[in-house]
């Protein structure tokens, strides 16, 4: 299985209404220092809408500033539709990891 396939397989397990972090994904697939590469794989998501890459945020709960499928406002909207609210701080969007973080 390729790195990207491992990322997509793991992301597909994140339930609606929850988020995970790039670092959690990297650790879960056995590449604990590859959080940045996880982000790159999500940018290449070949099955947008099927693989829920919008459920991945950074370690602070910040949404992707350049979400591959339309920007942080689109990511925030997708999460909101699943019951995960975001808030804006300093021009960036965040989710509350204390409430919405999924850990496998």
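Rule-based calculations on the coordinates, nothing more; no lab input. Here the structure is a predicted model, which means the values were calculated and not measured. With ideal geometry, Cβ positions are generated from the backbone for all residues, glycine too; neighbour counts draw on all protein chains shown.
Relative contact order for the range 3-100: what is it in percent, counting Cα pairs under 8 Å that are at least 6 residues apart?
26 percent
Applying 1/(1 + (r/R0)^6) with R0 = 25 Å to the Cβ-Cβ distance of residue 80 and residue 48, what FRET efficiency is obtained, to the nearest 0.05?
My answer for the efficiency is 0.90.
With every atom except the alpha carbons ignored, what do you get for Rg and Dmax of the chain, in angstroms?
12.4, 39
Let me understand the range 27-75 better: what is its radius of gyration from the alpha carbons, and its Dmax, in angstrom?
10.9, 31
What does the highest-first list of 80-89, 93-102 look like by mean Cβ count within 10 Å?
Ranked from most to least packed, the peptides come out as 93-102, 80-89.
Please report how far the C-alpha centroid of the range 63-104 lies from that of the range 1-30, rounded to the nearest whole angstrom.
If you average the Cα positions of each part, the centres end up 16 Å apart.
Specify the residue with the greatest mean-square fluctuation among 77, 91, 39, computed from a Gaussian network of the chain linking alpha-carbon atoms under 10 Å apart.
Residue with maximal mean-square fluctuation among 77, 91, 39: 91.
In whole Å, largest first, what are the principal axis extents of the Cα atoms in the range 6-51?
Here the spans come out as 27, 22, 13 Å, largest first.
Starting from the Cα of residue 36, move 7 Å in the Cα-to-Cβ direction to define the label point; list residues of the range 73-104 whose amide nitrogen is under 14 Å from there.
none
Pulled fully out, how much extra length does the chain show between residue 4 and residue 73, if you take 0.36 nm times their separation in residues and subtract their Cα-Cα distance?
That pair, residue 4 and residue 73, stretches by 22.4 nm at full extension.
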